[in-house]
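Some notes on the structure that comes next.
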Amino acid sequence: MKRLIVIFFVIISSDMIAVDEGWDLAARHQFNEARDVFVDKTRNGKDIRRDQLSEAAILINLQPRTPANLDRADQLLTTLAETTDDVGISALYLSGRIDQSHRIPYRIAEAKTHYTQLASLDSEYPLAQAGIVQLALLELYDESLPVADRFSAAESLQSKLTGNFARSDYHLVLARSYLFFQAGDDHALTHFLAAIKQGITTDRIRADALISAGELARDLGQSTAERQCYEQFISENPRDPRKPTVQSRLEALR
Amino acid sequence: MSTKSPWPRRLTWLVPIIVYIASLLFVFFKFQEKQDQKAIVIRFAHWNLHEGLREGYDELARHYEELNPGVKIKQTVVPKRVWYSWQQTRLVGGDPPDIIQLGRITEDEVIVQNFVPLSEFAKEPNPYNVDSQLEDVAWRDTFFDGLNSIRVYYPALQEIYGVPSMMMSLCVFYNGDLLKAITGSSKPPQNYRDYLVLRDQIDAYRERTGRTLIPIAGASDYGTYLIGNCFQILTQKRRSQIDLPRVLTLPPPQVALAYLRGDWSLQDAEIQGALNVFQSLGRGMQPGFLHLKREDASLIFTQQKTLAMLSGSWDYFLFGQECNFPLIVGPLPLPDPADPDYGHFTNGKPHEGEGNMNGVFGITKSSRHREQALDFLRYLTSHTASARFATSTHTLPATLEIEPTDQNLRVFARVEDGPVHGFNIGVGAESHRWLMTNSYRLFQPGGTAQNFVDDTTDAFRQSLISDLRTVLKDQIKTNQRTDTIVMAALHRTTTQLDRAAGLFSGQISRELEIAQLQHALAQEPD
């Protein structure tokens, strides 16, 4: 019996090592090598749904890129997305990404359908939340609609963001788009401040957001927000070339 | 017919002696090789052929060996012109040196596959900084750039892959004897107005002495840097009017987007001003300088055929060795806020930013001694080693809290309290090519900034569109790859949620740029 338990754990752990080895290779952009690892693993066939998800995720970047690989990935993902567990949500999200970015020509309507489906799940799983942000972005740059309608559609998605993953990204997409379309500096500032409050994990993106918010607050005469943004920027970015300019802005506020 | 032996018969006794010496040498080198095989050998390669640098690195390597018995450091210097192919061959062959200079690899894919990310280590203090002002400071915060500059930090990968060993700074070198003979003073021009005065003084000197003297020696690369600086200085105020994303330092694609929106044009007084200043400075250089190499310019400067040379801190050591006249270092003579013609365009000498880092080294993934290689990089960039390197090579350290011992080097010191810079109109390969292939128009007889702009505006617009299409293509490609990598972070046996969040933030931020570029390019004819 003991021997059987040991064998069981050896098989399980070797399987886990193979999964991580495959993903590690993928993270290093060695997609073809990762595929070989996953193909070997799939032969053991212990968690067929996860194996199929990894196969699809690798297929979309396998070299050389071919429409046949995308079709095969799509096929796998469609089946996986029938169940709404984390694998199913990941599959639905990836289907959206294939239509949004991998297919030539892009299939934006199909991508929107996938992301809308994700939004309707009310799931806090990271990729369900990420799908909502992608949907907001597609709404904002949908050239067939008037700009005001695009912003209404994107703003309405905020209530769907129930988890923390990607919430600050949602606000940044909105803020930067208000600036790009010159559709309202006050709206842009509101979203920048919301993103900062939520917590932006990437240093560079946070630094830019603090500057943008500070500059907008300055233009709009909101000195408290301006001061807070600049002070946070200086404390977090002591070596940034924008520091002396920001410092002079702060001195002018005193 | 008689054949005469090339060896005189009396020298045949030399043969066994030569064979004997050769065998001794063979045994000696084999023995040495075996000794080396026992030691950990760290090989590092770079292209810094500038005088003094090889010796400077060598000195540090020997000192490191003393501190770490059993470790050997071997330096390989490969000329810049063959570096790319050499490096590719070594990387593809799976046998690169342990440490390689970064800067000639533009593809993130090559970086991620071949180099060790250093971000985690950068958060820890450098153990070689114990007993210095930088003790207990995170390694990344011991550098001028905070390890944020290009070639060091790779935004799409969100990782630090290199650490810089020195900084570079542009300047003008003057022949001290000639400067004094011409101006009666040893003080070099501090700005554009001073330079115009000097130019008149040179004319007077030529008339007085009958001597043909070129004011400044220039070369193609340095001409590129000069025009870039002219734009960066004279568009400082204009920048604030086109900064739609409100980030203070506009990334190049945003500069191009602003142009397509009509927020700035080549007819703007600031752009014409920058071209006028470049023309004025370029007319003081030898004819055809935009097509000449650095060596051509150095030669005429050291031969005293020119008063000065436009170059940078990297040449200071060479000129110190080769010039038999006193060397004076001055800043680029560009307009300052007091300039009567261009002062109202500028806020003053800008912060030199995160650029100009050099000698950036990364560790290759195939290194058999990664820990030791990392340890050597920590030593190389420590306060003590950086100070030693800066002193022996007369270069600027990339590490903080080191005062240059050479007074002349203070001129090179980075501007750290300046305002943000403006923008360069060469935003990518095509617009840069447009600028450099058309610059000759400024130096033709009768050439003016206005003619230059009138004749090339259409081509400029096309070059910007081409550059934006390149950015678009690259961003799409990066984001496609990121899809798989986000999946990797979330579906490993242990989920890397923070990494996935960071990757997604980067991806959606690029996706936003893609959408904005597509929106702008959709308005342009194919």
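Throughout, read-outs are computed from the coordinates displayed, never taken from laboratory work. Predicted model, so just to flag it, every value in this text is computed and none were measured. All Cβ positions, even for glycine, are placed from backbone atoms using ideal geometry, and neighbour counts span all protein chains on display.
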Identify, among A:Ile200, A:Leu135, A:Ala34, the residue whose Cα sits farthest towards the positive end of the charge dipole of chain A, taking +1 on the Cβ of Lys and Arg and -1 on the Cβ of Asp and Glu, with the dipole about the Cα centre.
-> A:Ala34
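Where a ≥ b ≥ c are the square roots of the eigenvalues of the C-alpha gyration tensor, would you call segment B:81-128 rounded, which needs a/c under 1.5, or, failing that, prolate if a/b is larger than b/c, or oblate? Numbers along the way, then the final one.
Values: a/c = 2.27, a/b = 2.02, b/c = 1.13.
Since a/c reaches 1.5 and a/b is larger than b/c, the shape of segment B:81-128 is classed as prolate.
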Model label zone, A:Asp36; criterion: amide N under 20 Å from point 7 Å along Cα-to-beta-carbon; scope segment B:357-383 = B:365-367
Could you work out, residue by residue across A:139-146, how many beta carbons of other chains sit within 10 Å of that residue's beta carbon, and then give the average as an integer?
-> 2
Given B:166-172, B:293-299, the highest-first ranking by average Cβ count within 10 Å works out to B:166-172, B:293-299
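How do A:Leu174, B:Leu374 line up, fewest other C-beta atoms within 10 Å first? All intermediate terms of the calculation are to be shown ahead of the outcome.
Working: A:Leu174 26, B:Leu374 19.
Taking fewest neighbouring Cβ atoms as first place, the list is B:Leu374, A:Leu174.
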Amide proton proximity set for B:Phe115, modelled H, under 5 Å, gap of 5+ | B:Lys365
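Return the Rg/Rh ratio of segment B:200-281 with Cα-based radii and a Kirkwood Rh.
Reported Rg/Rh, Kirkwood definition of Rh: 1.17.
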Quick calc: nm separation of the 7 Å Cα→Cβ label points for B:Ala39 and B:Val92 -> 3.3 nm
For segment A:110-164, the Cα-Cα pair-distance distribution in 10 Å bins from 0, as whole percents, is 27, 54, 17, 1
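Report the relative contact order of segment A:55-200, percent, no decimals, based on alpha-carbon pairs under 8 angstrom and at least 6 residues apart. Could you put the intermediate results ahead of the total?
Values: 187 pairs, mean separation 21.0, N = 146.
For segment A:55-200, the relative contact order is 14 percent.
Multiply the residue gap between B:Arg368 and B:Val77 by 0.36 nm, knock off their C-alpha separation, and tell me the result in nm, one decimal place. Intermediate results must be reported in sequence, preceding the final value.
On the way: separation 291, 0.36 × 291 = 104.76 nm, distance 2.08 nm.
Between B:Arg368 and B:Val77, full extension yields an extra 102.7 nm.
Peptide A:235-245: average number of partner chain Cβ atoms within 10 Å per residue? Could you put the intermediate results ahead of the total?
Working: counts 0, 0, 2, 2, 13, 8, 17, 7, 4, 8, 8.
For peptide A:235-245, the averaged partner shielding equals 6.
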Any chance you could check the Cα centroid distance between segment B:280-305 and segment B:221-269 for me, in angstrom?
-> 28 Å
To the nearest 10 degrees, the tilt of helix A:2-27 (Cα long axis) against the first principal axis of the alpha carbons of chain A is 50 degrees
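Could you work out the percent of alpha carbon pairs in segment B:167-316 separated by over 26 Å, rounded to a whole number?
Values: 3977 of 11175 pairs.
Counting every Cα pair in segment B:167-316, those more than 26 Å apart make up 36 percent.
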Under the definition of partner shielding as Cβ atoms of other protein chains within 10 Å of a residue Cβ, what is the mean value for peptide B:151-164?
-> 1
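With +1 on each Lys and Arg Cβ and -1 on each Asp and Glu Cβ, how big is the dipole of the protein assembly as shown about its Cα centre, in debye rounded to the nearest 20? Let's see the in-between values first.
Details: 81 positive and 95 negative charges, 512 e Å.
Charge dipole of the protein assembly as shown: 2460 debye, to the nearest 20.
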When the charge dipole of the protein assembly as shown is computed with +1 at the Cβ of Lys and Arg and -1 at the Cβ of Asp and Glu, the Cα pointing farthest to the positive end, of B:Leu512, B:Thr391, B:Val255, is that of B:Thr391
Near B:Leu299, within a Cβ-to-Cβ distance under 14 Å, what is the net charge of the other residues, with Lys and Arg +1 and Asp and Glu -1?
-> -1
Using a Gaussian network model of chain A with C-alpha springs under 10 Å, which one of A:Gln182, A:Gln129, A:Gln117 is most mobile by mean-square fluctuation?
-> A:Gln182
Going residue by residue through segment B:268-284, the Karplus relation 6.51 cos²θ - 1.76 cosθ + 1.60 with θ = phi - 60° gives ³J(HN,Hα) values, rounded to whole Hz and with x marking Gly or Pro, of 4, 4, 5, 5, 5, x, 4, 5, 4, 5, 4, 4, 5, 5, x, 5, x
For B:Gln190 and B:Arg283, what is the calculated FRET efficiency with R₀ set at 25 Å and r taken between the beta-carbons, to the nearest 0.05?
-> 0.80
Residue-by-residue Karplus 3J(HN,Hα) for segment A:154-165, coefficients 6.51, -1.76, 1.60, Hz, glycine and proline x | 5, 4, 5, 7, 4, 5, 7, 7, 9, x, 8, 4
Place a label point 7 angstrom from the Cα of B:Phe29 along the Cα-to-Cβ direction, then list the residues of segment B:53-90 whose backbone nitrogen is under 11 Å away.
-> none
³J(HN,Hα) across segment B:60-77 via Karplus (A = 6.51, B = -1.76, C = 1.60, θ = phi - 60°), whole Hz, x for Gly/Pro?
-> 5, 4, 5, 5, 5, 4, 5, 6, 10, x, x, 10, 10, 10, 10, 9, 10, 10
Cα-based Rg and Dmax for the protein assembly as shown, where Dmax is the largest Cα-Cα distance (Å) | 30.1, 107
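Could you tally the net charge around B:Gly312, taking each other residue with its Cβ under 11 Å from the Cβ of B:Gly312, Lys/Arg +1 and Asp/Glu -1? Intermediate results must be reported in sequence, preceding the final value.
Numbers: positive: B:Arg294; negative: B:Asp221, B:Asp315.
Neighbour charge sum, excluding B:Gly312 itself: -1.
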If segment B:282-432 were replaced by its equivalent ellipsoid, with semi-axes equal to the square roots of 5 times the Cα gyration tensor eigenvalues, what would those be, largest first, whole Å?
-> 31, 22, 19
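Computed FRET efficiency, Cβ-Cβ of A:Asp47 and A:Asp219, R0 56 Å: what is it to the nearest 0.05? Please list the in-between numbers first.
On the way: r = 54 Å, r/R0 = 0.96.
That pair, A:Asp47 with A:Asp219, gives E of 0.55.
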Subtract the Cα-Cα distance of B:Leu67 and B:Thr405 from 0.36 nm times their separation in residues, and report this length gain in nm to one decimal.
-> 119.2 nm
Projected onto their principal axes, the Cα atoms of segment B:128-249 stretch, largest extent first, over whole-Å spans of 60, 46, 25
With labels modelled as points extended 7 Å from the Cα through the Cβ direction, what inter-label distance (nm, one decimal) is found for B:Ser85 paired with B:Gln523?
-> 4.5 nm
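Given just the C-alpha atoms of segment B:177-223, how large is their convex hull per residue in cubic angstrom? It would help to have the intermediate numbers written out before the result.
Details: hull volume 4.2 nm³, N = 47.
Considering the Cα atoms of segment B:177-223, their hull volume per residue is 89 Å³.
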For segment B:397-503, rounded, prolate or oblate, judged on the Cα gyration tensor with a ≥ b ≥ c (square roots of eigenvalues), a/c < 1.5 rounded, else prolate if a/b > b/c?
-> oblate
Log10 I(q)/I(0) at q = 0.18, 0.20, 0.27 Å⁻¹ for segment A:81-151, from Debye over equal alpha-carbon scatterers, is -0.64, -0.76, -1.16
Zero-based 20 Å bins, Cα pair distances in chain B, whole percents = 18, 48, 27, 6, 1
Please compute P(r) over all alpha-carbon pairs of segment A:127-254, binned at 5 Å starting from zero, and give each bin as a whole-number percent.
-> 2, 11, 21, 20, 18, 13, 8, 5, 1, 0
In Å, descending, principal axis extents of the Cα set of chain A = 75, 46, 35
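May I ask you to derive the FRET efficiency for B:Arg54 and A:Asp20 from their Cβ-Cβ distance with R0 = 41 Å, giving the value to the nearest 0.05? Don't skip to the end; give the middle numbers.
Numbers: r = 42 Å, r/R0 = 1.04.
It comes to 0.45.
Work out the length of the dipole vector of chain B about its Cα centre, built from +1 on the beta-carbon of each Lys and Arg and -1 on the beta-carbon of each Asp and Glu, and round it to the nearest 20 debye. Numbers along the way, then the final one.
Details: 52 positive and 59 negative charges, 397 e Å.
It comes to approximately 1900 debye.
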